[in-house]
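Take a look at the structure below.
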Amino acid sequence: MTGIKTVSKTERDAATNRVTVGLGKRAYDILIGPGLLGRAGELIVERFGRRKLVIVTDQNVDAHHGAALQQSLDTSGLAISKITLAPGEATKSFDALEQVVDFALGAGSERSDLLVAFGGGVIGDLAGFGAAIALRGVEFVQIPTSLLAQVDSSVGGKTGINTPRGKNLVGAFHQPGLVIADTGTLETLPERELRAGYAEIIKYGLIGDSGFFSWLEANGPALLAGDRAARIHAIRTACEAKADYVARDEREHGVRALLNLGHTFGHVLEAATQYDGRLNHGEAVAIGMVLAAQLSADLGMCSDEVPERIKAHLEIAQLPTQIGDIPGQLPGAGKLIGLMQQDKKVRDGKLNFIMLGDIGSAFVTNAIPDDQLHSFMTAKCSQT
Ligand code: GLY
């Protein structure tokens, strides 16, 4: 006897959290837990059989986790080719998309091959879009390695790239066939990225689950400090919520729009910084959620306590909460509103906003008077 306890497949399966996105014949699982990278090969074979894989990743993720994934795929006898891109939002570009598609085609891809998006939100969105258009669509697997990607962007099939005119303006709905979220990858995630992902977790509490928001107020600091059980609970809760919104409204004709809380403001703030690293997506969403709550309170849609409570919790999580927290110069209110008009959330010439009636109660409206939006943004742009 060596004293080493071997863990059976059944025991490992029981320790893995499984959330299903119920899309009929296109339903897929999100698997959440520690150590899943080491099982990626077996999980992929179990779901898809033996396929040729094209892996899309970035240099940081590859340096930290590439070897673990490679070993698992080798053990399962899977043939792979891999393209490694520069990390960062600038990679969500036409240029990088061309590289991904050209690489896949050059690797002799067939429609039966699988594309694997191995990284954070940028890689997931870019590789997913590549999978949507290469050979008119190949199946793909998301292996999200950032908190933001594990709780939001890897689930639901929104894929795409940015253009100088705005964020995510070119893309496609293309659902993955499997999401493998190894919570162990969060251990090497830079703290700033972890906090950014936490902003998207808070979002689920704000739009539809006040009990979860209260849980985050109590447990968020431990989660951010490294409490693994708290992380898994939060990721699972977020994925269950997201799976539900996506299953009810895959193409965002209705309820899925609530997932954009804070994003109308957030996207223009990101575009206004030209994705230069001053503000990442989660930070932009954090400021955007406070702005949405403050605008809701100013218009009498919720009490003043709502934005105050949200701001207080984001501050505890050390996330930015106002436009003045963004370093450097930003364009004025008029220019920011101009950028909002180019966002995808414009319908029939009217801006759609996700507003709050309370914590856990969001709704969509296009009835924000232009003059009120202008005076609100003017006041917020001058706040430091
Ligand atoms: N990130 C918002 C959505 O997937 O709908």
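Kindly write out, for region 308-317 in residue order, the coupling ³J(HN,Hα) from the Karplus curve 6.51 cos²θ - 1.76 cosθ + 1.60 (θ = phi - 60°), rounded to whole Hz, with x marking Gly and Pro. Ordered by residue, 3J(HN,Hα) equals 5, 5, 5, 4, 4, 6, 5, 5, 4, 7 Hz. Expressed as an acute angle from 0 to 90° and rounded to the nearest 10, what is the orientation of the C-alpha long axis of helix 370-381 relative to the principal long axis of the chain? Taking the Cα atoms of the chain, the angle to 370-381 is about 70 degrees.
In this structure the amide hydrogen of Y28, modeled in the peptide plane, comes within under 5 Å of the amide hydrogens of V21, L23, none closer than 5 places in sequence on its chain. Inter-label distance, A222 to R165: 4.9 nm, where each label sits 7 Å from its Cα along the C-beta direction. Ordering 254-264, 356-366 by mean Cβ neighbour count within 10 Å, with the highest value first, yields 254-264, 356-366.
What whole-number distance in Å separates the alpha-carbon centres of region 313-343 and region 37-78? Centre-to-centre (Cα) distance: 38 Å.
A Förster radius of 45 Å combined with the Cβ-Cβ distance from E240 to S382 puts the calculated FRET efficiency at roughly 0.65. Compared with the dominant Cα axis of the chain, that is its longest principal axis, helix 281-298 is turned about 30°. For region 46-76, the residues whose backbone nitrogen is under 19 Å from a point 7 Å from the Cα of R111, taken along Cα to Cβ, are 48-54. Extents of region 50-142, largest first, come to 34, 31, 19 Å (Cα atoms, principal axes, whole angstrom). In this structure the amide hydrogen of L279, modeled in the peptide plane, comes within under 5 Å of no amide hydrogen from residues 5 or more places off or on another chain. If the chain linking F173 and D276 were pulled fully straight, counting 0.36 nm for each residue of separation and taking away their Cα-Cα distance, it would gain 34.4 nm.
By DSSP, the beta bridges lying fully in the chain are antiparallel in about 40 percent of cases. Restricting the calculation to Cα atoms, every distinct pair contributes to the Kirkwood radius of the chain, found to be 21.2 Å. Adding -39500 (n - 2.57) for every DSSP H run of four residues or longer, then dividing by how many residues the chain holds, sets the calculated 222 nm ellipticity at -14500 deg cm²/dmol.
Only the coordinates and a few stated rules stand behind these numbers; no lab work does. The structure presented is a predicted model; accordingly, all values stated were derived computationally and were not measured. As a convention, Cβ positions derive from the backbone with ideal geometry for all residues, glycine included, and neighbour counts pool all protein chains shown.
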